[in-house]
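The values are calculated or read from the model by the stated rules, or taken from the named source; none is laboratory data. In this text, all values refer to a predicted model and were calculated from it rather than measured experimentally. Here the Cβ positions follow ideal geometry from the backbone for every residue, glycine too, while neighbour counts run over all protein chains shown. Surface areas here come from the heavy atoms of the whole protein model, side chains and all, with no ligands, DNA or RNA. Shrake-Rupley method; radii C 1.70, N 1.55, O 1.52, S 1.80 Å.
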Number of protein chains: 2
Amino acid sequence: MNLKDLSRQLGLSPTTVSRALNGYPEVSEATRKRVVEAARAHNYSPNARAKSLATGRSYAIGHVIPLSTRHEMVNPIFGDFIAGAGETYGASGYDMLLSVVEDGAEESAYRSMRARHSVDGVVVHGPRVDDPRITMLHQIGLPFVVHGRSSRLPNDYCWLDVNNTSAFRRATEFLIDLGHRRIALVNGLEEMDFAHRRRQGYEEALRGRGIAIDPALTFSEEMTEYYGFRTADRLLARDDAPSAFLVSSLISALGVRRAIQARGLEMGRDVSIITHDDALSYMDNGNGEVPIFTATRSSVRQAGARLAQMLIDRIEGRAADTQQVLFEAELRVGQSTGPAPTP
Amino acid sequence: MNLKDLSRQLGLSPTTVSRALNGYPEVSEATRKRVVEAARAHNYSPNARAKSLATGRSYAIGHVIPLSTRHEMVNPIFGDFIAGAGETYGASGYDMLLSVVEDGAEESAYRSMRARHSVDGVVVHGPRVDDPRITMLHQIGLPFVVHGRSSRLPNDYCWLDVNNTSAFRRATEFLIDLGHRRIALVNGLEEMDFAHRRRQGYEEALRGRGIAIDPALTFSEEMTEYYGFRTADRLLARDDAPSAFLVSSLISALGVRRAIQARGLEMGRDVSIITHDDALSYMDNGNGEVPIFTATRSSVRQAGARLAQMLIDRIEGRAADTQQVLFEAELRVGQSTGPAPTP
DNA sequence: TGGCCCGTTCAAAGCGCTTTGGAATTGAGT
DNA sequence: ACTCAATTCCAAAGCGCTTTGAACGGGCCA
């Protein structure tokens, strides 16, 4: 069933039927009603390809995700982000086009989406401190929004970010207030902007309280469970072991906890942990009761929903080209922190 | 830059240029070369919408995922599955269209994809024991493949599944061989086909060895960390606590381990665990060395890649409509299992 | 030299929709 | 009765591509 068939059945021209369905005013309410009902009865939806060819709009948003596990995207938070964005897309009638590419092929993927007119805009995931994709997208004129920011670039694009610096500054200060002096930072890859900013927050807090920064206590890697375990395990073996860990991911925090427990120590008494928590649906950190981990928390799913809305608003001309939204993470105190043990 | 522009620049007709780029034989190698180079030089890719309108093919595959967390999709394994499928799509020139929908709206999402001609086929995720989507897709004639199976339906569709029954049978037998008699089953939702089959395997093994099935030891819920913790915590408080746990998800297994350790017990000595392991990229269960958990293991990413290939082969007419692939899970012995403690 | 075939190119139609620029109908105003 | 504007509808062009059917030369054979 296509437009022509439908219009023939109704004894109307395709023009009128199209207008009736798209809410144009040049058609009487009586005919509109007749048309809409017939469309539903025959289960008619316009051919999306034809429609988009005619309108020049594709009603689709592109997401390019690199394959490599070095990157933080094909990873636990991805599903939740997509769920949030997908919610928004569904409500606004957009499709989501996912493109999984080899590392380094991201730029050409964006170019291809542009050349083939397959999307109206794209979402940039996992920006680096100095991310070439952003300047490139500007150049080729493909509307985009960024999940996160790129510190070293001019701040003239559209982004949504968590205030990573303040979150980790507050978390560090919280630990210092509890008497901790040796605080390890188990960070993500610091070429990633979020990790870079988290380190800044950590360092600001230490400097602010006149505590020297010990490079032997800071780590930057891909955030697996094993990374958390291995790092904590080695540190705890030392004489000058840290009394607290600040961790960038709940997954890695699980590893840190495992290392602590493997040594017969107790989390929250012998060793404290604060982790960042993306509020993932399946990793609920305490399930509404007292959280297991004290955490800086911000829902990545909500971020996805909001960011998608920003992009659509921009595409449809309802919003400026440089909306910027900063979420503040909440510091939720759980069972994993306590006063620093006296030596 | 479109076909017309490009052909004008070359002094050729659009026909010839199109044929040159699509590898048709009616064009001399000299012109083909000239055309291909010009296309690259001008960074030309055909407008995907126009192309698909003309060919009737869309070169896109649809994935519909329900929002609800009751379902197992917007969840840890989703990212890995997509990564695998995306790999295949990329290699074959297909796009992936993701549609996130309210629970229960899945069928209408498929219908809409069909009516709007926005995909050439779809992947069905998380089939129930008796899944209406499968019969519906048959009816509307949209090519599809299923990740998993639907036990109670005629077996005449295209699927790829892990042999869940045999995996859990073997795992159970392994525990029995170690002397365990009270084995708890911490399963996923048993309306889901995979969980249903896992229970079958578990029961077959017990029956085969003449061990009575204790309903008080089997559980069926959404597989969160907290579910594992809570379930194990309660069971271990009992006088007749199980000596082993068979768990359907690594995430929940983490919760079980936490409960064990919280009681000062040791995993692998006091209490054994076997879990299913989807070989997720960021949850590496032992990192190449001795696995932490003894596990039935099967890569969900590989499943995604293979299943995508099956669908494409089918769409392009290279394969039968009812290919069926059964992966056997590998039983990897790790540190979480040991002989049953003597009471 | 005429006729035929092959290799190469092209003009034009068509995919299913939107949208421009009328055309037909109606009703009110004078 | 006639004009004019508003209302309601339509024919046709166009979006950028593929594909059918035909044209055009040149080489080859008789």
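Observations, loosely collected:
- Residues within segment B:1-23 that are assigned to a loop (DSSP other than H, G, I, E, B), under 26 Å from A:R111 (Cβ atoms) and more than 6 Å from DNA strand C (Cβ to nearest atom), tallied: 4
- Filtered residues of segment B:1-35 (kept if within 14 Å of another protein chain (Cβ to nearest Cβ), open to solvent by 70 Å² or more (accessible area, probe 1.4 Å) and more than 7 Å from DNA strand D (Cβ to nearest atom)): B:M1
- Lone qualifier among A:A60, A:A50, A:A39, A:A83 - being farther than 30 Å from A:V17 by Cα, within 12 Å of chain B (Cβ to nearest Cβ) and in contact with a helix residue (DSSP H, G or I) (Cβ under 9 Å, 6 or more places away or on another chain): A:A83
- Test: residue in segment B:274-291 that is open to solvent by less than 40 Å² (accessible area, probe 1.4 Å), assigned to a loop (DSSP other than H, G, I, E, B) and either modelled with pLDDT of 95 or more or acidic (D, E) (or both): yes
- All of (1) open to solvent by less than 60 Å² (accessible area, probe 1.4 Å); (2) part of a helix (DSSP H, G or I); (3) more than 8 Å from DNA strand C (Cβ to nearest atom) hold for B:K51 with one exception: (1).
- Segment B:39-48 - residue that is among the polar types (S, T, N, Q) and within 8 Å of DNA strand D (Cβ to nearest atom) and, of those, surrounded by the fewest Cβ atoms within 10 Å (Cβ to Cβ): B:S45
Residue by residue, here is whether (1) among the aliphatic types (A, V, I, L, M); (2) away from DNA strand D (no atom under 16 Å from the Cβ); (3) surrounded by fewer than 21 Cβ atoms within 10 Å (Cβ to Cβ) holds:
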site: B:E37; (1), (2), (3): no, yes, yes
site: B:G56; (1), (2), (3): no, no, yes
site: B:G62; (1), (2), (3): no, yes, no
site: B:P76; (1), (2), (3): no, yes, no
site: B:A115; (1), (2), (3): yes, yes, yes
site: B:D120; (1), (2), (3): no, no, no
site: B:G126; (1), (2), (3): no, yes, no
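- Residues located in segment B:170-229, provided they are more than 21 Å from B:D130 (Cβ to Cβ) and among the β-branched types (V, I, T): B:T172, B:I176, B:I183, B:V186, B:I211, B:I213, B:T224
- Options A:R209, A:R230, A:R198; residue that is surrounded by fewer than 22 Cβ atoms within 10 Å (Cβ to Cβ) and more than 14 Å from chain B (Cβ to nearest Cβ): A:R209
- Among residues of segment B:114-134, those that are within 23 Å of A:H42 (Cβ to Cβ) and either free of Cβ contacts under 8 Å to residues at least 40 places away in the same chain or facing chain A (nearest Cβ under 9 Å) (or both), counted: 7
Yes or no, residue by residue, for (1) over 22 Å from B:Q335 (Cα atoms); (2) in contact (Cβ under 8 Å) with a residue 24 or more places away in the chain; (3) of a type in the set (F, W, Y):
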residue	(1), (2), (3)
A:L235	yes, yes, no
A:D239	yes, no, no
A:L254	no, yes, no
A:I260	no, yes, no
A:G268	yes, yes, no
A:S281	yes, yes, no
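- Residue in segment A:234-245 that is open to solvent by less than 10 Å² (accessible area, probe 1.4 Å) and in a loop (DSSP other than H, G, I, E, B) present: yes
- Some residue of segment A:24-33 being part of a loop (DSSP other than H, G, I, E, B), closer than 29 Å to B:G90 by Cβ and in contact with a helix residue (DSSP H, G or I) (Cβ under 6 Å, 6 or more places away or on another chain): no
- Residue count, segment A:212-227 (criterion: more than 14 Å from chain B (Cβ to nearest Cβ) and in a helix (DSSP H, G or I)): 3
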